[in-house]
Amino acid sequence: MSTPTDTAVGASVDATARARDLLGVSRLTNQALTTWLHGLPGVDQVGCEARAASLGTRSIKTTSKQWAIDTAISMIDLTTLEGADTPGRVRGLAAKALVPDPSDLSTPRPAAVCVYGDMVTTAKQALGPDSGVKVAAVATAFPSGRASMAVKLADTRDAVKAGADEIDMVIDRGAFLAGDYLTVFNQIAEVKKACGDARLKVIMETGELVTYDNVRRASWLSMLAGGDFIKTSTGKVQPAATLPVTLIMLEAVRDWRDLTGDQVGVKPAGGIKTSKDAIKFLVTVSEVAGDDWLDNRWFRFGASSLLNDLLLQRQRLTTGAYSGASYIADDSPSTAY
Amino acid sequence: MPKFEYAPAPESTSVVDLETSYGLFINGEFVDGHGESFKSISPSSEEVLAEVSEATDADVDAAVKAARTAYTRVWSRMSGADRGKYLYRIARILQERAREFAVLESLDNGKPIKESRDVDIPLAAAHFFYNAGWADKLEYASLGANPRPHGVVGQVIPWNFPLLMLSWKIAPALATGNTVVLKPAETTPLTALLFAEVCQQADLPPGVVNIVTGAGATGQAIVDHPGIDKLAFTGSTGVGKMIARSIAGTRKKATLELGGKAANIVFDDAPIDQAVEGIVNGIFFNQGHVCCAGSRLLVQESVADEVTRRLKRRIGTLRVGDPLDKNTDIGAINSRAQLDRIIALTEAGESEGAERWDNGCELPSSGFWFRPTVFTGVTQTHRIAQEEIFGPVLSVLTFRTPQEAVAKANNTPYGLSAGIWTEKGSRILWMADQLKAGVVWANTFNKFDPTSPFGGYKESGYGREGGRHGLEPYVRTGA
């Protein structure tokens, strides 16, 4: 199912034509989308949360913990999305992505750095052409998405032109909650076109969608409109990435591939801070979506502080003893350890 | 080979300190039994864990006498508040020693440690806490006027939830002022014997709880003993009928919690992914050794293929193996005899024409094991749709209308539990009203709580355990 190149799948596919085909309608209307999305099986909240909790009790030890920590590091979109970001801070983040742990050069690199659009050039330059670390840019009036379509598209094109490999867009949650699915669909499809070869991550901001039924519908709508990834959150709204929400999204991409043959990635973002948490997510990926998603092409963590905890645990597995914050090189060191 | 292999994560057994042999717990002390000793083995390895005494008629008589003396002299005279204190103390000790109990339960029974750790032991403690609270409030429990104990209660419990069934039996009996002679199952006596130590640790007055080990003959001795005022039994319908015959015409009261063949009913508007989890939990929880297991899946025809496909995919991820590994989902079958029964019934399922599927997982070389198995194309007249298999075997049947689902669900001599999966609230209420089952779960399955009564219709027995209702069989009321 996976393709050899890292460019977006189906960039040339006309999302509307495919949607008409999948829905079996001659014209894609809001009515048709509503019927389709509301025809998806419901999610029982209690059962969903119980399943997530039981996956969270898996005990991951020794060799499997080593594998999980390295895999989790390789799946991180190392993120800084602050108004106070500076080129220096972004260069520091890029340097961290290139050499996550200067005391152990065998440490894998994260998948990407994730920045605002105006920092793409800086990030690209700092990472160089051959590092394998991608640059992801948030776009479409992140985080609220409250801007005209023209602005959202310009925001996207700007980031792509600056060299972004991946675009993290936000959906119009207001339109979604009002039942205006067609608007959400069209916006995603247009942004997807503006992305060109860049892969598109669709941020649903699940904390604002509130119900698991909504998360499931937004996931299917995002995939139908051409998203390469579905992503939980901006990180600016609580709750952000929870395990049950990610579970629902993993079921969605699994079922979408059964239906269409196309694989879509999943990115929980915000609130995943510890290795223990990250491992619970990997367990869920493994047991719900399966091995094909256990790869940074198909699963990412949107996180900033997670990397340092993974490095700390990695050092402990290597040396047999806990080190501490003094042994985790960082431009904005945490005092949390 | 999967990308993400889980390395072994065994729970340590060092917390358990087993004796090589155990006597009977009578009058607050461990005493030698007069019968031959028998071995309790670990069903996952067939290793001998300990030797246990078989109680003879004389031993049972000594236990009943001790219970009578404790009843007359101490327990029936004690205030409810003071009885409650002992029950609270026992509950706290069970929590403090939870890990020890969980490991021993998994060793002796074969169930996965995650279930003994997260379900059996916490629930057992919860039953003591819950009933402790009633001990001084029985007058206000709407049991009738002047509620008072029967006297000496004989209790016989099964091997599927050894400590949990003990707590379902002992906690309400003691809370209401009765004293107890209890027999654990012959394949799983060890946590009951550890519980005897807890009684000592809690300074429970001698004779209030007596534990006699043994097989059918010991159970029969309890049933037949003239000094027993009330019986409580959980186990097979066959033995339940024998008990009912034995006590017919005597003054003895009884509650019987017997077998089941529950229907788990999935409608086309169900939350399918959670329904699949509920089906798995319904039949594979505790290796299917659950009297209220959802052993018959009734699925609406329009979603039958979809549900079956998802179910099989999910069953493919179940981890069968070492009960003490924290990642094990399905442990060992409790005994050779039970494994033989499961094999015989599944062979009958095949020969009668149902289609057999299992997840093909590897099984350990020693011990008693059975792969999670699904039969499709099952009809009501197949033995696997009628008889209780008591193992990890699901029979899938289909229906078209709610009326047909009810008719098929009720078309069984049993009536212990049922499950309904639909997003339609009105249908849940209508179905629950029609189903002849003591427990009906909606959009969940196998959920237990000390506040909720549990018991059966028809050949699943009579009487209720748990909740306020669970106190009723343990008291006399009126003038």
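The values are calculated or read from the model by the stated rules, or taken from the named source; none is laboratory data. Here the structure is a predicted model, which is why all the values come from computation and not from measurement. All Cβ positions, even for glycine, are placed from backbone atoms using ideal geometry, and neighbour counts span all protein chains on display.
Going through B:385, B:405, B:418, B:437 one at a time, which residue ends up being more than 26 Å from the chain's Cα centre (by Cα), of a type outside the set (Phe, Trp, Tyr) and crowded, with 22+ Cβ neighbours inside 10 Å?
Unique residue meeting the criteria: B:405.
Within the stretch B:86-113, which residues are more than 30 Å from residue B:339 (Cα to Cα) and not charged (D, E, K, R)?
B:86, B:87, B:88, B:90, B:91, B:93, B:94, B:95
Hey, can you tell me all the residues within the stretch A:214-234 that are surrounded by fewer than 24 Cβ atoms within 10 Å (Cβ to Cβ) and closer than 17 Å to residue A:143 by Cα?
Listed by number, the list holds a single entry, A:234.
Need pairs with beta-carbon distance below 9 Å; first residue on the phi > 0 side of the Ramachandran plot and within the stretch A:102-131, second surrounded by fewer than 22 Cβ atoms within 10 Å (Cβ to Cβ) and assigned to a helix (DSSP H, G or I); sequence gap 6+ or separate chains.
If the second residue must be surrounded by fewer than 22 Cβ atoms within 10 Å (Cβ to Cβ) and assigned to a helix (DSSP H, G or I), the pairs left are A:128/A:98.
Being touching a Phe, Trp or Tyr at 6+ places or on another chain (Cβ under 8 Å) and under 28 Å from residue B:206 (Cβ atoms) is the filter here, so list the residues in the stretch B:1-30 that pass it.
Within the stretch B:1-30, B:22, B:23, B:24, B:30 meet the criteria.
State whether one or more residues within the stretch A:61-70 are surrounded by 22 or more Cβ atoms within 10 Å (Cβ to Cβ), within 25 Å of residue A:232 (Cα to Cα) and within 14 Å of another protein chain (Cβ to nearest Cβ).
Scanning the stretch A:61-70 turns up at least one residue that is surrounded by 22 or more Cβ atoms within 10 Å (Cβ to Cβ), within 25 Å of residue A:232 (Cα to Cα) and within 14 Å of another protein chain (Cβ to nearest Cβ).
Counting just the residues of the stretch B:12-54 that are charged (D, E, K, R) and within 23 Å of the chain's Cα centre (by Cα), which one comes out farthest from the other protein chains (Cβ to nearest Cβ)?
The qualifying residue farthest from the other protein chains (Cβ to nearest Cβ) is B:54.
Considering the stretch B:244-265 alone, what residues qualify as being aliphatic (A, V, I, L, M) and surrounded by fewer than 24 Cβ atoms within 10 Å (Cβ to Cβ)?
If the condition is that a residue be aliphatic (A, V, I, L, M) and surrounded by fewer than 24 Cβ atoms within 10 Å (Cβ to Cβ), then B:244, B:247, B:248, B:254, B:256 are the ones that fit.
Here are some conditions: (1) in contact with a Pro (Cβ under 8 Å, 6 or more places away or on another chain); (2) without any contact (Cβ under 8 Å) to a residue 12 or more places away in the chain. Residue A:329 meets all but one. Which one does it not meet?
(2)
Does residue B:91 fit the bill of being without any contact (Cβ under 8 Å) to a residue 60 or more places away in the chain, assigned to a helix (DSSP H, G or I) and under 28 Å from residue B:41 (Cβ atoms)?
no
Condition check ((1) assigned to a helix (DSSP H, G or I); (2) small (Gly, Ala, Ser)) across all residues:
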{"site": "B:210", "(1), (2)": "no, no"}
{"site": "B:214", "(1), (2)": "no, yes"}
{"site": "B:223", "(1), (2)": "yes, no"}
{"site": "B:232", "(1), (2)": "no, yes"}
{"site": "B:241", "(1), (2)": "yes, no"}
{"site": "B:246", "(1), (2)": "yes, yes"}
{"site": "B:251", "(1), (2)": "no, no"}
{"site": "B:254", "(1), (2)": "no, yes"}
{"site": "B:260", "(1), (2)": "no, yes"}
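List the strands (runs of 3 or more DSSP E) that sit entirely inside the stretch B:26-75 and contain at least 2 residues that are outside the structural domain of residue B:331 (by TED's automatic domain parsing) and in contact with a helix residue (DSSP H, G or I) (Cβ under 7 Å, 6 or more places away or on another chain).
B:48-53
Give the residue that is farthest from residue B:34 (Cα to Cα), with candidates limited to residues of the stretch B:206-224 that are of a type outside the set (A, V, I, L, M) and in contact with a Ser or Thr (Cβ under 9 Å, 6 or more places away or on another chain).
So the residue we want is B:206.
Looking at (1) at pLDDT below 95; (2) within 19 Å of residue A:100 (Cα to Cα), find the lone condition where residue A:271 falls short.
(2)
Quick one: is residue B:4 under 17 Å from residue B:192 (Cα atoms) and not in a helix (DSSP H, G or I)?
Spelling it out, it is not the case that residue B:4 is under 17 Å from residue B:192 (Cα atoms) and not in a helix (DSSP H, G or I).
Would you please name the residue that is nearest to residue A:203 (Cα to Cα), looking only at residues in the stretch A:277-314 that are within 14 Å of another protein chain (Cβ to nearest Cβ), in a loop (DSSP other than H, G, I, E, B) and of a type outside the set (S, T, N, Q)?
Step by step, filter the stretch A:277-314, then rank; the result is A:298.
Quick one: which of B:322, B:268 is within 14 Å of chain A (Cβ to nearest Cβ), in a loop (DSSP other than H, G, I, E, B), crowded, with 22+ Cβ neighbours inside 10 Å and at pLDDT 95 or above?
B:322
How many residues does the stretch A:43-53 hold that are within 24 Å of the chain's Cα centre (by Cα) and crowded, with 16+ Cβ neighbours inside 10 Å?
Result for the stretch A:43-53: 6.
I'm trying to understand the selection: among the residues of the stretch B:346-373, which are hydroxyl-bearing (Ser, Thr, Tyr) and assigned to a loop (DSSP other than H, G, I, E, B)?
If the condition is that a residue be hydroxyl-bearing (Ser, Thr, Tyr) and assigned to a loop (DSSP other than H, G, I, E, B), then B:365, B:366 are the ones that fit.
Looking only at the stretch B:276-298, which residues are more than 18 Å from residue B:439 (Cβ to Cβ), within 13 Å of chain A (Cβ to nearest Cβ) and either touching a Ser or Thr at 6+ places or on another chain (Cβ under 8 Å) or not aromatic (Phe, Trp, Tyr) (or both)?
B:276, B:277, B:280
For residue A:189, indicate whether it is within 19 Å of the chain's Cα centre (by Cα), farther than 19 Å from residue A:233 by Cα, at pLDDT 95 or above and buried (at least 24 other Cβ atoms within 10 Å of the Cβ).
No, not satisfied.
Output the residues belonging to the stretch B:425-459 that are polar (S, T, N, Q) and either touching a Lys or Arg at 6+ places or on another chain (Cβ under 7 Å) or within 19 Å of residue B:297 (Cβ to Cβ) (or both).
Within the stretch B:425-459, B:434, B:443, B:444, B:446 qualify.
Across the stretch B:110-125, what is the total count of residues that are assigned to a helix (DSSP H, G or I) and within 14 Å of another protein chain (Cβ to nearest Cβ)?
8
Residue B:273 - would you say it is within 30 Å of residue B:306 (Cα to Cα), assigned to a helix (DSSP H, G or I) and not β-branched (Val, Ile, Thr)?
So residue B:273 passes the test.
Any residue at all in the stretch B:454-476 that is over 27 Å from residue B:166 (Cβ atoms) and either within 14 Å of chain A (Cβ to nearest Cβ) or touching a helix residue (DSSP H, G or I) at 6+ places or on another chain (Cβ under 9 Å) (or both)?
no
I'd like to check something: does the stretch A:260-276 contain any residue that is part of a helix (DSSP H, G or I), more than 12 Å from every other protein chain (Cβ to nearest Cβ) and closer than 15 Å to residue A:70 by Cα?
yes
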